[in-house]
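Here is the structure we will look at.
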Amino acid sequence: MDYFPLFVKLKNQPCLVVGAGEVAARKIEVLGKAGARITVIAEQLGPSVAALQSALNLTLIQKRFSADDVLGMRLVISATNNRATNELVAAAAENHRIPVNVVDNPDLCSFIFPAIVDRSPLIAAISSGGASPVLARILRAKIESLIPAAYGRLAQFAEEFRLLVKQRIKQPSQRRIFWENMLHGHVAELVFTGKIQEAELELKSQLLLAEQATTKGEVYLIGAGPGDPDLLTFRALRLMQQADVIVYDRLVSDGILEMARRDAEKIYVGKQRSNHSLPQESINELLANLALSGKRVARLKGGDPFIFGRGGEEIETLMQQGIPFQVVPGITAASGCATYAGIPLTHRDHAQSCTFVTGHLKDGSINLNWKQLAAPNQTIVIYMGLVGLYTICQALIEHGCPPDHPIAIIQQGTTQNQRVITGTLTDMPRLAEQADIKPPTLIIVGTVVSLHEKLHWFQSGQPPHS
Ligand SMILES: C[S@@+](CC[C@H](N)C(=O)[O-])C[C@H]1O[C@@H](n2cnc3c(N)ncnc32)[C@H](O)[C@@H]1O
(Lines give C-alpha, C1' and ligand atoms only; values in the text may rest on other atoms or scores of the structure.)
Protein backbone atom coordinates (compact mmCIF):
# COMPACT_ATOMS: atom_id res chain seq x y z
CA MET A 1 0.00 0.00 0.00
CA ASP A 2 1.72 3.19 -1.17
CA TYR A 3 -0.89 5.51 0.34
CA PHE A 4 -2.86 5.10 3.54
CA PRO A 5 -6.59 5.73 3.02
CA LEU A 6 -8.03 8.14 5.54
CA PHE A 7 -11.04 10.43 5.87
CA VAL A 8 -10.15 13.87 7.24
CA LYS A 9 -12.53 16.26 8.97
CA LEU A 10 -12.18 19.66 7.31
CA LYS A 11 -15.29 21.43 8.57
CA ASN A 12 -14.24 25.06 9.34
CA GLN A 13 -10.58 24.16 8.89
CA PRO A 14 -8.34 26.60 7.01
CA CYS A 15 -7.23 25.21 3.67
CA LEU A 16 -5.16 26.91 0.99
CA VAL A 17 -5.53 26.55 -2.74
CA VAL A 18 -2.81 28.11 -4.88
CA GLY A 19 -4.02 28.82 -8.40
CA ALA A 20 -7.44 29.88 -9.64
CA GLY A 21 -7.99 28.17 -12.96
CA GLU A 22 -10.43 25.39 -13.90
CA VAL A 23 -8.48 22.65 -12.11
CA ALA A 24 -8.30 24.73 -8.95
CA ALA A 25 -12.06 25.33 -9.17
CA ARG A 26 -12.75 21.59 -9.14
CA LYS A 27 -10.58 21.08 -6.05
CA ILE A 28 -12.21 24.06 -4.35
CA GLU A 29 -15.63 22.53 -4.96
CA VAL A 30 -14.59 19.29 -3.26
CA LEU A 31 -13.10 21.13 -0.28
CA GLY A 32 -16.27 23.22 -0.14
CA LYS A 33 -18.41 20.09 0.13
CA ALA A 34 -16.37 19.11 3.19
CA GLY A 35 -17.08 22.52 4.75
CA ALA A 36 -13.47 23.78 4.64
CA ARG A 37 -12.60 27.46 5.15
CA ILE A 38 -10.84 28.12 1.86
CA THR A 39 -8.26 30.73 0.95
CA VAL A 40 -7.29 31.03 -2.71
CA ILE A 41 -4.05 32.69 -3.71
CA ALA A 42 -3.41 33.42 -7.39
CA GLU A 43 -2.02 36.16 -9.52
CA GLN A 44 -5.03 35.90 -11.81
CA LEU A 45 -8.52 34.74 -10.87
CA GLY A 46 -10.33 32.50 -13.33
CA PRO A 47 -14.11 32.93 -13.88
CA SER A 48 -15.02 29.51 -12.36
CA VAL A 49 -13.26 30.28 -9.09
CA ALA A 50 -14.76 33.77 -9.00
CA ALA A 51 -18.20 32.22 -9.48
CA LEU A 52 -17.71 30.02 -6.38
CA GLN A 53 -16.70 32.91 -4.14
CA SER A 54 -19.98 33.79 -2.53
CA ALA A 55 -21.42 30.26 -2.32
CA LEU A 56 -18.32 28.91 -0.56
CA ASN A 57 -17.34 32.12 1.20
CA LEU A 58 -13.87 32.01 -0.33
CA THR A 59 -11.10 34.35 0.71
CA LEU A 60 -9.54 35.37 -2.60
CA ILE A 61 -6.10 36.94 -2.52
CA GLN A 62 -4.68 38.16 -5.79
CA LYS A 63 -0.90 37.98 -5.40
CA ARG A 64 2.14 35.83 -6.03
CA PHE A 65 2.52 32.85 -3.61
CA SER A 66 5.09 33.17 -0.83
CA ALA A 67 6.19 30.44 1.57
CA ASP A 68 4.55 32.10 4.60
CA ASP A 69 1.11 31.67 3.02
CA VAL A 70 0.96 28.07 4.21
CA LEU A 71 1.25 28.99 7.89
CA GLY A 72 -1.72 27.84 9.95
CA MET A 73 -3.20 25.79 7.11
CA ARG A 74 -4.55 22.27 7.61
CA LEU A 75 -4.19 21.31 3.97
CA VAL A 76 -2.56 22.86 0.94
CA ILE A 77 -3.33 22.31 -2.73
CA SER A 78 -1.29 23.70 -5.57
CA ALA A 79 -3.16 23.83 -8.86
CA THR A 80 -1.05 26.09 -11.01
CA ASN A 81 0.56 25.23 -14.33
CA ASN A 82 3.85 26.73 -13.21
CA ARG A 83 6.31 24.04 -12.08
CA ALA A 84 8.45 26.51 -10.10
CA THR A 85 5.44 27.76 -8.11
CA ASN A 86 4.22 24.21 -7.54
CA GLU A 87 7.66 23.22 -6.18
CA LEU A 88 7.70 26.26 -3.93
CA VAL A 89 4.25 25.43 -2.51
CA ALA A 90 5.19 21.78 -1.97
CA ALA A 91 8.45 22.69 -0.21
CA ALA A 92 6.77 25.29 2.03
CA ALA A 93 4.04 22.85 3.07
CA GLU A 94 6.53 20.06 3.66
CA ASN A 95 8.62 22.38 5.85
CA HIS A 96 5.68 22.77 8.16
CA ARG A 97 4.51 19.15 7.85
CA ILE A 98 1.28 20.25 6.22
CA PRO A 99 -0.27 17.71 3.83
CA VAL A 100 0.11 18.99 0.28
CA ASN A 101 -1.29 17.96 -3.08
CA VAL A 102 0.14 19.32 -6.30
CA VAL A 103 -2.31 18.54 -9.06
CA ASP A 104 -0.89 16.16 -11.67
CA ASN A 105 2.54 16.08 -9.99
CA PRO A 106 2.58 12.93 -7.86
CA ASP A 107 6.27 13.43 -7.01
CA LEU A 108 5.41 16.68 -5.19
CA CYS A 109 2.40 15.31 -3.29
CA SER A 110 2.24 14.05 0.26
CA PHE A 111 -1.41 13.08 -0.28
CA ILE A 112 -3.53 12.36 -3.31
CA PHE A 113 -7.21 12.83 -4.07
CA PRO A 114 -9.24 9.65 -4.52
CA ALA A 115 -12.09 9.29 -7.00
CA ILE A 116 -15.21 9.70 -4.86
CA VAL A 117 -18.66 8.15 -4.85
CA ASP A 118 -20.65 10.56 -2.73
CA ARG A 119 -23.77 9.26 -1.01
CA SER A 120 -23.22 11.40 2.05
CA PRO A 121 -22.87 10.49 4.80
CA LEU A 122 -21.70 7.40 2.94
CA ILE A 123 -18.55 8.01 0.91
CA ALA A 124 -16.58 5.53 -1.17
CA ALA A 125 -13.08 6.65 -2.12
CA ILE A 126 -11.08 4.86 -4.78
CA SER A 127 -7.44 5.32 -5.59
CA SER A 128 -4.94 3.66 -7.88
CA GLY A 129 -2.12 5.24 -5.88
CA GLY A 130 -1.36 7.44 -8.88
CA ALA A 131 -0.76 4.39 -11.12
CA SER A 132 -3.83 4.94 -13.26
CA PRO A 133 -6.35 7.65 -12.32
CA VAL A 134 -8.43 6.61 -15.34
CA LEU A 135 -8.77 3.08 -13.94
CA ALA A 136 -9.85 4.52 -10.59
CA ARG A 137 -12.49 6.58 -12.42
CA ILE A 138 -13.74 3.54 -14.33
CA LEU A 139 -14.10 1.69 -11.05
CA ARG A 140 -15.90 4.67 -9.59
CA ALA A 141 -18.38 4.60 -12.48
CA LYS A 142 -19.00 0.91 -11.80
CA ILE A 143 -19.58 1.55 -8.11
CA GLU A 144 -21.79 4.55 -8.91
CA SER A 145 -24.04 2.28 -10.95
CA LEU A 146 -24.16 -0.33 -8.16
CA ILE A 147 -25.06 1.97 -5.28
CA PRO A 148 -28.57 3.41 -5.42
CA ALA A 149 -28.65 7.19 -5.03
CA ALA A 150 -30.83 6.75 -1.94
CA TYR A 151 -28.04 5.01 -0.03
CA GLY A 152 -27.21 8.32 1.60
CA ARG A 153 -30.77 8.47 2.94
CA LEU A 154 -30.39 4.92 4.23
CA ALA A 155 -27.17 5.83 6.05
CA GLN A 156 -28.89 8.82 7.68
CA PHE A 157 -31.78 6.61 8.70
CA ALA A 158 -29.38 4.08 10.26
CA GLU A 159 -27.58 6.86 12.11
CA GLU A 160 -30.82 8.00 13.74
CA PHE A 161 -31.42 4.53 15.21
CA ARG A 162 -27.85 3.61 15.99
CA LEU A 163 -27.94 4.50 19.67
CA LEU A 164 -31.34 2.94 20.31
CA VAL A 165 -30.28 -0.35 18.70
CA LYS A 166 -27.03 -0.31 20.67
CA GLN A 167 -28.94 0.12 23.93
CA ARG A 168 -31.41 -2.63 23.13
CA ILE A 169 -29.15 -5.27 21.56
CA LYS A 170 -26.11 -5.56 23.76
CA GLN A 171 -24.14 -8.24 21.92
CA PRO A 172 -22.06 -6.75 19.06
CA SER A 173 -22.35 -9.82 16.81
CA GLN A 174 -26.15 -9.89 17.22
CA ARG A 175 -26.30 -6.18 16.59
CA ARG A 176 -24.36 -6.58 13.38
CA ILE A 177 -26.77 -9.27 12.19
CA PHE A 178 -29.70 -7.03 13.04
CA TRP A 179 -28.26 -4.15 11.02
CA GLU A 180 -27.40 -6.39 8.11
CA ASN A 181 -30.98 -7.64 8.00
CA MET A 182 -32.33 -4.10 8.19
CA LEU A 183 -30.01 -2.66 5.57
CA HIS A 184 -30.45 -5.49 3.10
CA GLY A 185 -34.14 -6.16 3.41
CA HIS A 186 -37.60 -4.67 3.62
CA VAL A 187 -36.63 -1.68 5.80
CA ALA A 188 -34.02 -0.58 3.26
CA GLU A 189 -36.55 -0.89 0.43
CA LEU A 190 -38.99 1.31 2.36
CA VAL A 191 -36.31 3.95 2.84
CA PHE A 192 -35.33 3.82 -0.82
CA THR A 193 -38.90 4.50 -1.82
CA GLY A 194 -39.18 7.38 0.65
CA LYS A 195 -41.57 5.63 3.08
CA ILE A 196 -39.59 6.72 6.10
CA GLN A 197 -42.38 6.42 8.70
CA GLU A 198 -43.20 2.90 7.61
CA ALA A 199 -39.52 2.05 7.71
CA GLU A 200 -39.28 3.36 11.28
CA LEU A 201 -42.24 1.26 12.42
CA GLU A 202 -40.84 -1.83 10.73
CA LEU A 203 -37.41 -1.31 12.29
CA LYS A 204 -38.91 -0.90 15.75
CA SER A 205 -40.98 -4.07 15.45
CA GLN A 206 -37.91 -5.99 14.20
CA LEU A 207 -35.96 -4.62 17.13
CA LEU A 208 -38.54 -6.03 19.51
CA LEU A 209 -38.28 -9.43 17.86
CA ALA A 210 -34.48 -9.34 17.90
CA GLU A 211 -34.46 -8.57 21.62
CA GLN A 212 -36.60 -11.63 22.31
CA ALA A 213 -34.74 -13.97 19.98
CA THR A 214 -32.25 -16.46 21.31
CA THR A 215 -28.79 -16.43 19.80
CA LYS A 216 -28.49 -18.98 17.05
CA GLY A 217 -26.16 -18.69 14.15
CA GLU A 218 -26.29 -20.42 10.80
CA VAL A 219 -24.03 -22.13 8.33
CA TYR A 220 -23.55 -21.31 4.66
CA LEU A 221 -22.08 -24.25 2.84
CA ILE A 222 -20.48 -22.50 -0.12
CA GLY A 223 -18.96 -23.86 -3.29
CA ALA A 224 -15.99 -21.59 -3.90
CA GLY A 225 -15.26 -22.86 -7.41
CA PRO A 226 -12.02 -24.24 -8.78
CA GLY A 227 -9.70 -21.32 -8.01
CA ASP A 228 -10.31 -18.19 -10.08
CA PRO A 229 -12.11 -15.77 -7.70
CA ASP A 230 -14.12 -14.42 -10.66
CA LEU A 231 -15.93 -17.75 -10.78
CA LEU A 232 -17.63 -17.24 -7.40
CA THR A 233 -21.38 -16.79 -7.55
CA PHE A 234 -22.99 -13.53 -6.38
CA ARG A 235 -24.65 -15.41 -3.56
CA ALA A 236 -21.38 -16.94 -2.42
CA LEU A 237 -19.80 -13.49 -2.34
CA ARG A 238 -22.69 -11.93 -0.43
CA LEU A 239 -22.70 -14.65 2.23
CA MET A 240 -18.89 -14.63 2.56
CA GLN A 241 -19.07 -10.93 3.23
CA GLN A 242 -21.57 -11.25 6.04
CA ALA A 243 -20.13 -14.31 7.76
CA ASP A 244 -18.45 -13.99 11.17
CA VAL A 245 -16.25 -17.04 10.63
CA ILE A 246 -14.79 -18.56 7.48
CA VAL A 247 -13.97 -22.26 7.64
CA TYR A 248 -11.99 -23.20 4.55
CA ASP A 249 -10.19 -26.01 2.76
CA ARG A 250 -6.81 -26.28 1.09
CA LEU A 251 -8.34 -25.84 -2.36
CA VAL A 252 -9.82 -22.44 -1.54
CA SER A 253 -7.42 -19.92 -3.08
CA ASP A 254 -6.01 -16.84 -1.34
CA GLY A 255 -7.75 -14.63 -3.90
CA ILE A 256 -11.10 -16.05 -2.80
CA LEU A 257 -10.33 -15.70 0.90
CA GLU A 258 -9.48 -12.05 0.36
CA MET A 259 -13.05 -11.50 -0.77
CA ALA A 260 -14.45 -12.61 2.59
CA ARG A 261 -15.31 -10.12 5.30
CA ARG A 262 -12.05 -8.55 6.46
CA ASP A 263 -12.58 -8.99 10.17
CA ALA A 264 -14.08 -12.48 9.94
CA GLU A 265 -12.22 -15.17 11.88
CA LYS A 266 -10.58 -17.58 9.44
CA ILE A 267 -10.20 -21.24 10.34
CA TYR A 268 -8.19 -23.55 8.10
CA VAL A 269 -9.36 -27.15 8.18
CA GLY A 270 -7.31 -28.01 5.08
CA LYS A 271 -7.42 -31.42 3.51
CA GLN A 272 -4.71 -33.00 1.57
CA ARG A 273 -4.70 -36.52 0.32
CA SER A 274 -3.93 -38.78 3.32
CA ASN A 275 -3.20 -35.73 5.44
CA HIS A 276 -6.47 -34.40 6.79
CA SER A 277 -5.69 -31.47 9.07
CA LEU A 278 -9.01 -32.05 10.82
CA PRO A 279 -10.97 -35.29 10.47
CA GLN A 280 -14.33 -34.85 8.72
CA GLU A 281 -16.26 -35.61 11.94
CA SER A 282 -14.40 -32.82 13.75
CA ILE A 283 -15.17 -30.40 10.90
CA ASN A 284 -18.87 -31.30 11.16
CA GLU A 285 -18.77 -30.70 14.92
CA LEU A 286 -16.83 -27.47 14.54
CA LEU A 287 -19.43 -26.04 12.16
CA ALA A 288 -22.26 -27.00 14.49
CA ASN A 289 -20.56 -25.57 17.59
CA LEU A 290 -19.72 -22.28 15.90
CA ALA A 291 -23.32 -21.87 14.76
CA LEU A 292 -24.66 -22.80 18.20
CA SER A 293 -22.54 -20.03 19.71
CA GLY A 294 -24.45 -17.55 17.51
CA LYS A 295 -21.94 -17.20 14.68
CA ARG A 296 -22.72 -17.05 10.98
CA VAL A 297 -20.32 -19.51 9.49
CA ALA A 298 -19.25 -19.59 5.84
CA ARG A 299 -17.97 -23.07 5.11
CA LEU A 300 -15.96 -22.62 1.92
CA LYS A 301 -15.26 -25.70 -0.14
CA GLY A 302 -13.35 -25.95 -3.40
CA GLY A 303 -15.54 -26.46 -6.48
CA ASP A 304 -19.07 -27.58 -5.69
CA PRO A 305 -19.86 -28.82 -2.16
CA PHE A 306 -21.94 -31.72 -3.45
CA ILE A 307 -19.41 -33.06 -5.94
CA PHE A 308 -16.73 -35.13 -4.22
CA GLY A 309 -16.95 -32.54 -1.47
CA ARG A 310 -18.57 -34.37 1.48
CA GLY A 311 -20.93 -31.43 1.75
CA GLY A 312 -23.79 -33.84 2.39
CA GLU A 313 -22.16 -35.12 5.57
CA GLU A 314 -21.61 -31.63 6.89
CA ILE A 315 -25.21 -30.57 6.50
CA GLU A 316 -26.48 -33.87 7.91
CA THR A 317 -24.89 -32.98 11.25
CA LEU A 318 -26.41 -29.50 11.10
CA MET A 319 -29.80 -30.92 10.28
CA GLN A 320 -29.64 -33.35 13.22
CA GLN A 321 -28.95 -30.46 15.55
CA GLY A 322 -31.62 -28.17 14.08
CA ILE A 323 -29.10 -25.57 12.92
CA PRO A 324 -30.24 -23.40 10.00
CA PHE A 325 -28.09 -23.65 6.90
CA GLN A 326 -28.08 -22.96 3.20
CA VAL A 327 -26.03 -24.48 0.40
CA VAL A 328 -24.55 -22.47 -2.45
CA PRO A 329 -23.49 -24.44 -5.52
CA GLY A 330 -20.09 -23.72 -7.01
CA ILE A 331 -18.42 -24.37 -10.34
CA THR A 332 -16.98 -27.83 -10.05
CA ALA A 333 -13.39 -28.52 -11.10
CA ALA A 334 -14.55 -30.54 -14.13
CA SER A 335 -16.46 -27.63 -15.53
CA GLY A 336 -13.93 -24.92 -14.63
CA CYS A 337 -10.79 -26.82 -15.68
CA ALA A 338 -12.27 -28.14 -18.93
CA THR A 339 -13.49 -24.68 -19.91
CA TYR A 340 -10.18 -22.95 -19.11
CA ALA A 341 -8.31 -25.70 -20.97
CA GLY A 342 -10.49 -25.32 -24.07
CA ILE A 343 -11.82 -28.88 -23.83
CA PRO A 344 -15.61 -29.09 -24.23
CA LEU A 345 -16.84 -31.98 -22.09
CA THR A 346 -19.45 -32.93 -24.67
CA HIS A 347 -19.34 -32.36 -28.42
CA ARG A 348 -21.59 -33.61 -31.20
CA ASP A 349 -18.66 -35.26 -32.99
CA HIS A 350 -16.94 -36.71 -29.95
CA ALA A 351 -18.93 -37.34 -26.79
CA GLN A 352 -22.62 -37.63 -26.03
CA SER A 353 -22.15 -38.14 -22.31
CA CYS A 354 -19.75 -37.21 -19.59
CA THR A 355 -19.02 -39.10 -16.36
CA PHE A 356 -17.34 -37.72 -13.24
CA VAL A 357 -15.46 -40.30 -11.18
CA THR A 358 -13.00 -40.23 -8.32
CA GLY A 359 -9.68 -41.94 -8.82
CA HIS A 360 -9.12 -42.29 -5.11
CA LEU A 361 -11.12 -44.36 -2.70
CA LYS A 362 -11.13 -44.22 1.10
CA ASP A 363 -8.83 -47.27 1.37
CA GLY A 364 -6.48 -46.00 -1.38
CA SER A 365 -7.75 -48.45 -4.03
CA ILE A 366 -9.39 -47.55 -7.35
CA ASN A 367 -12.54 -49.49 -7.93
CA LEU A 368 -14.33 -48.25 -11.02
CA ASN A 369 -16.60 -49.77 -13.62
CA TRP A 370 -13.81 -49.94 -16.22
CA LYS A 371 -15.91 -51.64 -18.87
CA GLN A 372 -18.41 -48.82 -18.81
CA LEU A 373 -15.71 -46.15 -18.71
CA ALA A 374 -13.86 -47.65 -21.69
CA ALA A 375 -16.91 -47.40 -23.97
CA PRO A 376 -16.57 -44.96 -26.91
CA ASN A 377 -18.27 -41.56 -27.51
CA GLN A 378 -18.02 -40.31 -23.98
CA THR A 379 -15.83 -38.16 -21.77
CA ILE A 380 -14.51 -39.32 -18.41
CA VAL A 381 -13.44 -36.76 -15.85
CA ILE A 382 -11.35 -38.14 -13.03
CA TYR A 383 -10.97 -36.21 -9.79
CA MET A 384 -8.08 -37.07 -7.44
CA GLY A 385 -6.56 -39.37 -10.04
CA LEU A 386 -2.91 -38.34 -10.13
CA VAL A 387 -1.56 -40.97 -7.75
CA GLY A 388 -3.43 -43.73 -9.60
CA LEU A 389 -2.67 -42.36 -13.08
CA TYR A 390 -0.72 -45.40 -14.31
CA THR A 391 -3.35 -47.83 -13.01
CA ILE A 392 -6.15 -45.78 -14.59
CA CYS A 393 -4.49 -45.65 -18.04
CA GLN A 394 -3.68 -49.37 -17.95
CA ALA A 395 -7.17 -50.39 -16.84
CA LEU A 396 -8.82 -48.32 -19.59
CA ILE A 397 -6.59 -49.92 -22.26
CA GLU A 398 -7.23 -53.40 -20.85
CA HIS A 399 -10.99 -52.81 -21.04
CA GLY A 400 -11.03 -51.71 -24.66
CA CYS A 401 -9.81 -48.13 -25.01
CA PRO A 402 -7.29 -47.69 -27.86
CA PRO A 403 -3.74 -47.20 -26.49
CA ASP A 404 -3.59 -43.85 -28.31
CA HIS A 405 -6.87 -42.66 -26.78
CA PRO A 406 -6.47 -38.94 -25.85
CA ILE A 407 -6.05 -37.88 -22.23
CA ALA A 408 -5.33 -34.51 -20.61
CA ILE A 409 -4.12 -33.53 -17.18
CA ILE A 410 -4.93 -30.07 -15.89
CA GLN A 411 -3.00 -28.84 -12.91
CA GLN A 412 -4.39 -25.95 -10.79
CA GLY A 413 -7.04 -25.29 -13.41
CA THR A 414 -8.53 -21.76 -13.82
CA THR A 415 -5.69 -20.19 -11.82
CA GLN A 416 -2.69 -18.20 -12.99
CA ASN A 417 -0.64 -21.38 -12.44
CA GLN A 418 -2.77 -23.56 -14.70
CA ARG A 419 -0.86 -26.17 -16.69
CA VAL A 420 -2.38 -28.47 -19.29
CA ILE A 421 -0.62 -31.48 -20.73
CA THR A 422 -2.14 -33.76 -23.31
CA GLY A 423 -1.10 -37.17 -24.53
CA THR A 424 -2.35 -40.72 -24.92
CA LEU A 425 -3.25 -43.41 -22.42
CA THR A 426 0.10 -45.04 -23.24
CA ASP A 427 2.43 -42.10 -22.77
CA MET A 428 0.63 -39.94 -20.20
CA PRO A 429 2.14 -41.53 -17.04
CA ARG A 430 5.62 -40.79 -18.43
CA LEU A 431 4.66 -37.27 -19.62
CA ALA A 432 3.16 -36.39 -16.25
CA GLU A 433 6.29 -37.52 -14.46
CA GLN A 434 8.55 -35.63 -16.85
CA ALA A 435 6.46 -32.47 -16.44
CA ASP A 436 6.60 -32.91 -12.63
CA ILE A 437 2.82 -32.51 -12.41
CA LYS A 438 1.59 -31.76 -8.89
CA PRO A 439 -1.91 -31.79 -7.33
CA PRO A 440 -4.56 -30.54 -7.55
CA THR A 441 -5.02 -32.12 -10.93
CA LEU A 442 -7.97 -33.14 -12.99
CA ILE A 443 -7.82 -35.85 -15.65
CA ILE A 444 -9.97 -35.78 -18.78
CA VAL A 445 -10.17 -38.86 -20.99
CA GLY A 446 -11.85 -38.88 -24.40
CA THR A 447 -11.46 -37.64 -27.94
CA VAL A 448 -12.72 -34.19 -26.88
CA VAL A 449 -9.16 -33.71 -25.60
CA SER A 450 -8.01 -33.40 -29.22
CA LEU A 451 -9.93 -30.08 -29.39
CA HIS A 452 -7.61 -28.47 -26.86
CA GLU A 453 -5.04 -27.62 -29.50
CA LYS A 454 -7.61 -25.66 -31.50
CA LEU A 455 -9.78 -24.21 -28.72
CA HIS A 456 -7.41 -23.34 -25.89
CA TRP A 457 -7.86 -19.69 -25.04
CA PHE A 458 -6.75 -19.11 -21.46
CA GLN A 459 -3.15 -18.11 -20.94
CA SER A 460 -2.01 -18.74 -17.39
CA GLY A 461 0.16 -16.02 -15.95
CA GLN A 462 -2.36 -13.41 -17.12
CA PRO A 463 -6.03 -12.77 -16.35
CA PRO A 464 -8.71 -14.34 -18.59
CA HIS A 465 -10.10 -12.24 -21.45
CA SER A 466 -13.09 -10.25 -20.34
C1 LIG B 1 -11.92 -33.44 -2.75
S2 LIG B 1 -12.12 -33.10 -4.45
C3 LIG B 1 -13.14 -31.71 -4.37
C4 LIG B 1 -13.87 -31.44 -5.65
C5 LIG B 1 -14.70 -30.20 -5.58
N6 LIG B 1 -15.77 -30.35 -4.64
C7 LIG B 1 -15.24 -29.79 -6.95
O8 LIG B 1 -16.46 -29.79 -7.14
O9 LIG B 1 -14.44 -29.45 -7.80
C10 LIG B 1 -10.56 -32.40 -4.84
C11 LIG B 1 -10.12 -32.72 -6.25
O12 LIG B 1 -10.75 -31.87 -7.17
C13 LIG B 1 -9.90 -31.62 -8.26
N14 LIG B 1 -9.67 -30.19 -8.36
C15 LIG B 1 -10.24 -29.24 -7.61
N16 LIG B 1 -9.84 -28.02 -7.99
C17 LIG B 1 -8.98 -28.21 -9.02
C18 LIG B 1 -8.24 -27.34 -9.85
N19 LIG B 1 -8.30 -26.02 -9.71
N20 LIG B 1 -7.47 -27.88 -10.80
C21 LIG B 1 -7.41 -29.21 -10.98
N22 LIG B 1 -8.09 -30.07 -10.22
C23 LIG B 1 -8.88 -29.59 -9.26
C24 LIG B 1 -8.62 -32.39 -8.00
O25 LIG B 1 -8.76 -33.65 -8.60
C26 LIG B 1 -8.64 -32.50 -6.50
O27 LIG B 1 -7.87 -33.56 -6.04
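The values are calculated or read from the model by the stated rules, or taken from the named source; none is laboratory data. Keep in mind the model is a prediction, meaning the values are calculated, not measured. No Cβ is skipped: glycine too gets one built from the backbone with ideal geometry, and neighbour counts run over all protein chains shown. SASA here: full protein model, heavy atoms, side chains in, ligands and nucleic acids out. Shrake-Rupley method; radii C 1.70, N 1.55, O 1.52, S 1.80 Å.
Segment 14-113: percent of C-alpha pairs farther apart than 20 Å?
Values: 1270 of 4950 pairs.
The proportion of pairs with Cα distances above 20 Å equals 26 percent.
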Checklist entry - Share of the chain's accessible area from carbon and sulfur, percent, 1.4 Å? => result 53
Item to check | Computed lengthening from residue 204 to residue 174, 0.36 nm per intervening residue step minus Cα-Cα distance | outcome: 9.2 nm
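Under unit Cβ charges (Lys, Arg +1; Asp, Glu -1), what dipole magnitude, rounded to 20 debye, does the chain have relative to its Cα centre? Please report the intermediate quantities before stating the final value.
Values: 45 positive and 43 negative charges, 231 e Å.
That gives a dipole near 1120 debye.
May I ask you to give the solvent-accessible area per residue for segment 110-259, in square angstrom, as obtained with a 1.4 angstrom probe? Spell out each step's value before the answer.
Numbers: 8280 Å² over 150 residues.
Per residue, segment 110-259 has an accessible area of 55 Å².
So if R0 is 41 Å, what FRET efficiency would residue 234 and residue 2 give, r being the distance between their Cβ atoms, rounded to the nearest 0.05?
Values: r = 31 Å, r/R0 = 0.76.
Approximately 0.85, to the nearest 0.05.
Sorted by accessible area with a 1.4 angstrom probe, largest first, how do 234, 306, 111, 356 fall? Present the calculation step by step, with values, prior to reporting the outcome.
Details: 234 185, 306 120, 111 40, 356 75 Å².
Solvent-accessible surface, decreasing: 234, 306, 356, 111.
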Next on the checklist: Need one number: convex hull volume per residue for segment 218-331, Cα atoms only, in Å³.
Outcome noted: 85
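Please give me the summed charge of the neighbours of residue 15: other residues whose Cβ is under 9 Å from its Cβ, Lys and Arg +1, Asp and Glu -1.
Numbers: positive: 37, 74; negative: none.
Local charge sum for residue 15: +2.
All other residues with a Cβ under 12 Å from the Cβ of residue 326 taken together, and with Lys, Arg as +1 and Asp, Glu as -1, what is their net charge?
Details: positive: 235, 238, 296, 299; negative: 218.
That sum, taken over residues with Cβ under 12 Å, equals +3.
I want the local charge near residue 62. Using Cβ-Cβ distances under 15 Å, sum +1 for each Lys or Arg and -1 for each Asp or Glu among the other residues. Write down the numbers at each step before the final one.
On the way: positive: 63, 64; negative: 43, 69.
Value of the local net charge: 0.
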Next on the checklist: Two decimals, Cα atoms only, Kirkwood Rh: what is Rg/Rh over the chain?
Outcome noted: 1.11
Checklist entry - Given 226, 294, 456, which one lies farthest toward the positive end of the charge dipole of the chain, if we put +1 on the Cβ of every Lys and Arg and -1 on the Cβ of every Asp and Glu? => result 294
Checklist entry - Among 4, 21, 36, whose Cα lies farthest out toward the positive end of the dipole of segment 1-64, if unit charges sit on the beta carbon of Lys, Arg (+1) and Asp, Glu (-1)? => result 36
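Rank-order 49-56, 247-254, 177-184 by packing density, defined as the average count of other C-beta atoms within 10 Å over each peptide's residues, highest first.
Numbers: 49-56: 15.1, 247-254: 19.5, 177-184: 17.1.
Ranked by mean Cβ neighbours within 10 Å, highest first: 247-254, 177-184, 49-56.
Calculate the tail of P(r) for segment 325-462: the fraction of all Cα-Cα distances greater than 26 Å, expressed in %. Mind dumping the intermediate values first?
Details: 1661 of 9453 pairs.
When all Cα pairs of segment 325-462 are counted, 18 percent exceed 26 Å.
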Checklist outcome for this item: Between residue 33 and residue 281, the two model label points (7 Å from Cα along the beta-carbon direction) sit apart by a distance in nm of 6.0
Checklist entry - What lysines could a cross-link reach from residue 204, if we take a straight Cα to Cα line under 18 Å and drop same-chain neighbours fewer than 8 places away? => result 166, 170, 195
Checklist entry - What ranking do 260-268, 332-340, 35-43 get when scored by the average of other Cβ atoms within 10 Å per residue, highest first? => result 332-340, 35-43, 260-268
Checklist outcome for this item: With segment 151-212 reduced to its Cα atoms and the Debye formula applied, log10 I(q)/I(0) at q = 0.20, 0.22 1/Å amounts to -0.69, -0.84
